[in-house]
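Here the structure comes first, spelled out in structure tokens, and everything after it is commentary.
Values quoted throughout were computed directly from the atomic coordinates according to the rules given, and no laboratory measurement underlies them. Just so it is clear, the model here is predicted, and its values are computed rather than measured. Cβ coordinates were reconstructed from backbone atoms using ideal geometry, including for glycine residues, and neighbour counts include every protein chain displayed.
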């Protein structure tokens, strides 16, 4: 199975960094990162379920999106939401299913890193 890696590199004014790595399934674009072992109460579906959410607490006790946010949210404990940061996002662009196989990559944070498959 091919995947699309996405890396968020947060650099704070004190030069400290937090890196968040995500991985998407190349065909479905579903997030495939492993959920954390501990799930806080705010991840339960009943905590604040979106009005149009088709899930039920019987079939999905936790909101899938909230579960995927747990590790990211925990990295920023102690940081104030109004601090200025520098953010680099490094990802692979998906133009077509063939592009997903070729893994055309670009750094969206400023400098561009492009990797292309050389024709055989």
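The lone criterion from (1) surrounded by 10 or more Cβ atoms within 10 Å (Cβ to Cβ); (2) farther than 15 Å from residue 72 by Cβ left unmet by residue 42 is number (2).
Of all the residues in the stretch 24-52, those that are touching a helix residue (DSSP H, G or I) at 6+ places or on another chain (Cβ under 7 Å) and closer than 15 Å to residue 71 by Cα number 8. Of the set (1) in contact (Cβ under 8 Å) with a residue 60 or more places away in the chain; (2) part of a loop (DSSP other than H, G, I, E, B), all apply to residue 86 but (2). The residue that is surrounded by the fewest Cβ atoms within 10 Å (Cβ to Cβ), among those in the stretch 9-38 that are touching a residue at least 60 places away in the same chain (Cβ under 8 Å) and over 18 Å from residue 80 (Cα atoms), is 29. Taking the stretch 39-81 as the range and being part of a loop (DSSP other than H, G, I, E, B), free of Cβ contacts under 8 Å to residues at least 12 places away in the same chain and under 25 Å from residue 9 (Cα atoms) as the test, the residues that pass are 77, 78, 80, 81.
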